[in-house]
Structure formats: C-alpha cells, structure tokens
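Peer 1: The structure's right below; bear with me while I get my questions together.
The values are calculated or read from the model by the stated rules, or taken from the named source; none is laboratory data. Not measured: the values here are computed from a predicted model. Methodologically, a virtual Cβ is constructed for each residue, glycine included, from the backbone with ideal geometry; neighbour enumeration extends over all protein chains shown. Note: accessible area is taken over every heavy atom of the protein model, side chains too, but ligands, DNA and RNA are not part of it. Shrake-Rupley method; radii C 1.70, N 1.55, O 1.52, S 1.80 Å.
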Amino acid sequence: MRLEWGRVGAAALTREAVDAAVVVDVLSFTTAVSIAVSRGVTVFPYRWRDSGAAAHAMRHGAKLAVGRFEARAASSGAHVSLSPAAMEQIEGVERLVLPSPNGSTLSFELVESGAVVYAASMRNAGAVARMLLPLLADGGSVAMIPAGERWPDGSLRPALEDLWGAGAVIAALAAAGVQSLSPEARAAASAYEQIATAPEQALMAVASGVELVEKGFHDDVVAAARVDVDDVAPRLIDLAFSASS
C-alpha cells in the first residue's frame, strides 16, 4: 500500500497501474458518499463549479447537489448538499451528482485510471479495509490518496483530517495482519491511532473543522467523526459510487 496526496499524487501512483485507489476527503466528500451509499443512494462525483454539472445530472437522471450555503438558505428544504449532517436526513433521492473541489474532482479524474476506486472516511474505514484485504493478501497494489484542501492559488493544502481518514483504513488493515505498507502508509496509521480515542475532538481542532464550525456547520464535523458506523465500501462503477458487492 502506497500513499500520496491529491490529484498530482494520484496521477503519479495510477501511472504505475495500481489495482485499487482509495480517495479520502473526510470534510466532506467521502464522508457524504459513505452516508449516501449506506442509504441506497448512487453518487456521481463531478468537478466543482463546472458549468456542465447540471447537464451531467440530467444525463444520468440524477439530482444535482448544491453548496452548503445555498441549501441552508432554501426555505423548502428541497436541496441536497455536500453537508454530511444533511445527508444523514436524505430521503427520496436515488441518484445524486455531488460536486466538490477536492474529493469529488479527484474521483471524477480517476475514472480513466483503470484502477478500482473506493471512497473512504472515518465512518466506513473498517468496511473499506475489509474490501481491500483480499486484494492485498493476493499481492495486489493499493494507492491511498488523501485529497487535501487547496490554497487560494489552487495549490495543495495537506489536510490532517484526510491523513487520519486514510490512517483509519490502514490501521484496520495492519490489525488484520497486512504488512506490505509503505512508510507513508504506516505514518498515516500512526497518526490516526493518536486520535482514535477522541476523533470528534481532533476534527474540531484542525483547520478545516474550525472553518466549518465558524460557518455554522458544527454538525457536519460531528457526523464526520463517527467511526465505523457505515458498513459500506463505495466503489466507483460506471461513473458512480455504489455499494460494493
């Protein structure tokens, strides 16, 4: 198992023809995907702020998610957004296009990589680890890709919460006896183990968590900090994440 950050890291690893790639965007794309897929929703990733998103949703007969602030401002409650807390209340949606600047964009770009792509977060770390275990036991290769955030100039801002999310999966694999872990993967597992007893407190303290709380999305951080509550390993098949079989 290898670990590299963001879109550039993903491109570098997938050029080596890895068997599986695991996208981790804890605040909030892969957390939202875990929640939605556990509730039977098929999720189509898409690039953020792209004028083609509406057409992409129409083409796939899916509902297009909006930004958190737009959803909160809507009095009807008819909108679905990237908010994990709101996703926990989703009803009546079977297919959803869920854009985001980091995890969703990365997932969308990985479609052409040839790798099997999974979405992981703290909520479904154990389920993803169980899905990866047979592959690694057979000598397969896995790219763990924490998505990170972006600075205003578009460059990567490593996000500690994504390292923890990746580490939660890797720690579960290590506990199951997997030894073929790169130093970067082992470091991620070690980082997660340091906060495993109090993940909510840790997520509240990181920069991304502080930003969400200050903007009024405290419940999104709480939802993201729930460990192993979703027994799904969302897999990207035909442009959409759905439950692995």
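Peer 1: Kindly work out what percent of the DSSP beta bridges joining two residues of the chain are antiparallel, to the nearest 5.
Peer 2: Here the share of antiparallel DSSP bridges comes out near 25 percent.
Peer 1: Another one. Once you charge only the Cβ atoms, +1 for Lys and Arg and -1 for Asp and Glu, what is the size of the charge dipole of the stretch 21-157 about its Cα centre, to the nearest 20 debye?
Peer 2: Result for the stretch 21-157 is approximately 220 debye, rounded to the nearest 20.
Peer 1: I'd like the accessible area for W151: 1.4 Å probe, protein heavy atoms, all chains in place, Å² to the nearest 10.
Peer 2: W151 exposes around 130 Å² with every protein chain in place.
Peer 1: Right, something else. Using only the Cα atoms of the stretch 108-245, what do you get for the radius of gyration and for Dmax, in Å?
Peer 2: Expressed in Å, the Cα Rg and Dmax of the stretch 108-245 come to 15.2, 46.
Peer 1: Still on this model: Summarise the accessible area of the chain (1.4 Å probe, protein heavy atoms) by the percent that is carbon and sulfur.
Peer 2: Ligands and nucleic acids excluded, carbon and sulfur reach 51 percent.
Peer 1: By the gyration tensor of its Cα atoms, with a ≥ b ≥ c the square roots of the eigenvalues, what is the shape of the chain: rounded for a/c under 1.5, prolate for a/b over b/c, or oblate?
Peer 2: Working: a/c = 1.57, a/b = 1.29, b/c = 1.21.
Taking the square roots of the gyration eigenvalues as a ≥ b ≥ c, the chain is prolate.
Peer 1: Rounded, prolate or oblate: which fits the stretch 1-111, taking a ≥ b ≥ c as square roots of the Cα gyration tensor eigenvalues, rounded meaning a/c under 1.5, else prolate when a/b beats b/c?
Peer 2: Prolate.
Peer 1: Could you report the accessible area of D228 in Å², rounded to 10, computed with a 1.4 Å probe on the protein chains as they sit in the structure?
Peer 2: Here the accessible area works out near 90 Å².
Peer 1: Something else now. Run the helix sum for the chain: -39,500 (n - 2.57) per DSSP H stretch of 4+ residues, divided by residue count, reported at 222 nm to the nearest 500 deg cm²/dmol. Mind dumping the intermediate values first?
Peer 2: Values: 12 runs with 108 residues, N = 245.
Taking each H run of at least 4 residues, the total per residue is -12500 deg cm²/dmol.
Peer 1: Helix by helix, which DSSP H runs in the chain go 15 Å or more along their axis at the Cα atoms and have an average Kyte-Doolittle hydropathy of -0.5 or more? Each step should come with its number before you reach the end.
Peer 2: Numbers: long enough: 125-137 (18 Å, 1.69); 160-175 (22 Å, 1.39); 183-195 (19 Å, -0.40).
TM-like helix candidates: 125-137, 160-175, 183-195.
Peer 1: Now for a different question. In Å², what does the accessible area per residue of the chain work out to with a 1.4 Å probe?
Peer 2: 44
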